[in-house]
Every structure is written in structure tokens, then in C-alpha cells.
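Laboratory data are not the source of any read-out in this text; all were calculated from the coordinates shown. Just so you know, these numbers come straight off a predicted model, no measurement behind them. Positions of Cβ are backbone-derived with ideal geometry, glycine not excepted, and every protein chain shown enters the neighbour counts.
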DNA sequence: AGTTTCACATACCCTGGGTATGTGGAATTC
DNA sequence: GAATTCCACATACCCAGGGTATGTGAAACT
């Protein structure tokens, strides 16, 4: 194995082991040296690659964020109708929240550990941006009334984050159906001439 | 000062200094011995009263939670109409989120530090319960369609938490108005025969 | 007045994040 | 292909800070 390959291999091993532990134990209870030994290396390697425990966490978050964004977008893009795209995206997000490596890392720990500002910036770069764009398209198409999209997107984003956490906890198939229904209700309020 | 009075005085001093620091620096960056010295005592006193750093935080959270719940309930109770009660409560919550000792402590740190389960249990005991009760009353009055109230409450709770954080960050008078409007839209979707 | 109690102070322990430095083998140079 | 450089890590160490064990003096009780 060449040096570049070797480097990439340990990097990946650290990311994966880190993700596992962050998801199951939470940021604070994760010991960096244990992540390293779990990945078959030592603390030194982790610091070489990521600079700090927070650096590793940041990298894990970024990766998980991207994956989630892609997953949601993929589900949304299966529909032609703009309104259905929004619904499908939201549902995909709720379903994804069941995964601990999403909920614990992205929704619970990330805001505190990275600070709310940085977390929001990362969120903006993926899922939140999709949501905002979807809403803007709907406004442009006249399906949703003209209005500031930003606060609306925040409200919906928050609603779905919380719902996803709730589902992750009471990981029930029925609960997911209920949440999806409730979400439809809420979204319904946005349609032109609904209220 | 009697011993009981003295005890209560230091307890309060620790709670208040703790609340200040947790709000401005966040749980992790708060050093317990500094909280103590800020309150005019030593670490020993803090451990005597609260058992651990987490114990102090828990006490601070409980107090802040109660205050918030009371504030929201008070605003809601100024209205006769059930629907207006819900709206007023939500608006009061949004306004309260501007306060750092609410947003940082209750919304950002508490879920991670106490763990989501414990946080949810505490939330349930105050604001979340009020929200659920309000929704149940609305359903009973036929203003909102019959449906599972639990997931709906979670969605709304999450939406308001996130909105409050957003407001705390861009602490704008106009933003608050926008958020309140967006909230009305979303709530509007719940009324019978709206969708 | 003697004894007990208890609210704290003091001194110490130890985990764990961070850093500074060493090292062996791959990549490069001549 | 021997010498040199480079670099991905390992090793050894530092120290901040949460937690604990024990001491102490003044109030409360007898």
C-alpha cells in the first residue's frame, strides 16, 4: 500500500470509528484515544489528521450532513410535483432521523458542540438550503403565498428536527405515520387560500 | 444570620452565578470552581449543595424551565378564546427565547448535557404539557380536528424552539414579527376544514 | 459547658484533551 | 543504489478541571 493510500485508510478508519462512538455515546463521553485504538492507531494519528477531538467531530458531522442531504434530495427528486417534492423530502428526513448516527450526532450534539452558529452554517449548506429552495419554488409557483421564506424554513426545520428525535426515541412505525400526518396538516396551512 | 438562612443564601448565590455563566459561556466552558468563587464560596460548597457540576446545571435548568412555563401560561391566560390562548402562548415563548439564559441553557445545552430523555421529561413537566393541554382543549372544542395530539405537540414545540434560537441570534424586532406571522400560518393549518 | 451537627474549606487524586518530540519506512535526489 | 528528505504516525509528557476525602469552626442542641 502506498503512503497516500495508507493515509487515506487510517483517515477513513478514524472517521468511521468516531462516527460509531459519537452516535452511541455522545460527544462528551467519547474518549479520543479509544476512538484511535478502535481504529487500530493511536491518538497521535487522530491529532495528525484532525487537529483535535472537535476537529474529528466536525468532520464526522460534515460527512453525515452530506449523506443526509443527498438522501433527502434523492427522495424529493422522485416526484414531479413541487408540493409532493416538499412532502417527500420532509418524510425522508423524518425516516432518516431514526438512525442514531443522524439524530444523536446531527440533531442533539452538533448544535452544542460546534456552537449554534457554526452548526447552522453547516445545516444551511445542506438540508436547510434544500428546504428554503423548495419553499421559494412553491412561492414562485403561487402554491404558497408570498412571504418571507427564511423564518418559515426555520420553523419547519425545527419541527422536523424535533419530530425526528421523537421518532428516534419511540421508534415506532405507527408514530412515524402519525408524525407524517401531523406534518401534512402543518404544511397544509401554507397553501394559498388555506387559512 | 441563622444557619438555615445562610445555607439558602449560598445556594441561591450559586444558582444565580451558575445561571449567568451557563448562559454566557455554555455548559462545557464553565469552570465549577469559578462559579463558586463568583458566588463568594468554594467548590466544596457547590458539591455540598448540588453533588456535581451536572447537578448544579440540572437545578438551574429546572428553575429556568419553571419561570418560562409560568411566563407563557400567564400570557396565554390573558385571553378568553382558546385559539387566542394558543397563539399568545406561542408568541410569549418566542419572545422569551431572546433571553440568552433561556435559549442557551434550555434550548441548546440542556438536551445534550442532560440527555434528550431527561430533558424531554423536564420539558413535559412544564411548557410541553401546556402546549399539549391547549391542543387537547382545541380538539375537544372542535376547533381542531380529532387527531393524535402528541406528535403535533412535538412538531410545534420543535418549531418554536428553533424559531426562538433563530430570533435569539438575529435579535431583530422585525424578525420576531415575521416569525410570529409564519407561526400563524402554520397554526392556521390545524383549524378544522382548513386543508 | 460539653457535645453534636453541619455547612462549608482545604488538600489531594486522576481522567483525558492537548503538545512536543522521536522514529521508521516510503518517496525523492544524485 | 546509497544518501537524503519527508511525513505519517507513535511515545512520552503536560496540565486543566471534575470529583473525592478529610478537616474545621461556628451554630444548635442537651
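Relative to the longest principal axis of the Cα atoms of chain A, helix A:149-169 runs at roughly 60 degrees.
Of all chain B residues, the closest to the B-onto-A rotation axis by Cβ, with that distance in whole Å, is B:189, 1. Ranked by the mean number of other Cβ atoms within 10 Å of their residues, highest first, the peptides B:156-165, B:23-32 fall in the order B:156-165, B:23-32.
Between helix B:82-96 and chain B there is an angle of about 40 degrees, using the helix long axis and the longest principal axis of the Cα atoms. In a fully extended conformation the segment linking residue A:140 and residue A:6 would gain 43.2 nm over its present Cα-Cα distance, using 0.36 nm per residue.
As a test of the formula, what do you get for chain A when each DSSP H run with n ≥ 4 contributes -39,500 (n - 2.57) and the sum is divided by the residue count, at 222 nm and rounded to the nearest 500 deg cm²/dmol?
On the way: 10 runs with 143 residues, N = 195.
Rounded to the nearest 500, it is -24000 deg cm²/dmol.
Taking only the alpha-carbon atoms of the protein assembly as shown, what semi-axes of the equivalent ellipsoid follow from 5 times the gyration tensor eigenvalues under a square root, in whole Å, largest first?
Values: eigenvalues 244, 203, 54 Å².
So the equivalent ellipsoid measures 35, 32, 16 Å along its semi-axes.
With the Kirkwood sum run over all distinct C-alpha pairs, segment B:1-101 has a hydrodynamic radius of 15.1 Å.
Scoring A:147-155, B:45-53 by mean Cβ neighbours within 10 Å over their residues and listing the highest first yields A:147-155, B:45-53.
Averaged over the residues of peptide A:172-179, the number of Cβ atoms from other protein chains lying within 10 Å of each residue's Cβ is 3. Across peptide B:115-123, the mean count of Cβ atoms from other chains lying within 10 Å of each residue's own Cβ comes to 2. Divided by 2.2 N^0.38 Å, where N counts the residues, the Cα radius of gyration of segment A:60-188 comes to 1.01.
With a simple spin-label model that places each label point 7 Å from the Cα along the Cα-to-Cβ direction, the separation between residue A:16 and residue A:33 comes to 2.5 nm. Axis angle, to the nearest 10 degrees, between helix B:116-125 and the longest C-alpha principal axis of chain B: 70 degrees. Centre-to-centre, using Cα atoms only, segment A:14-41 and segment A:84-131 are separated by 21 Å. Pairwise Cα separations in segment A:1-51 fall into 5 Å bins from 0 onward with the following percentages, short to long: 5, 23, 31, 24, 11, 4, 2, 0.
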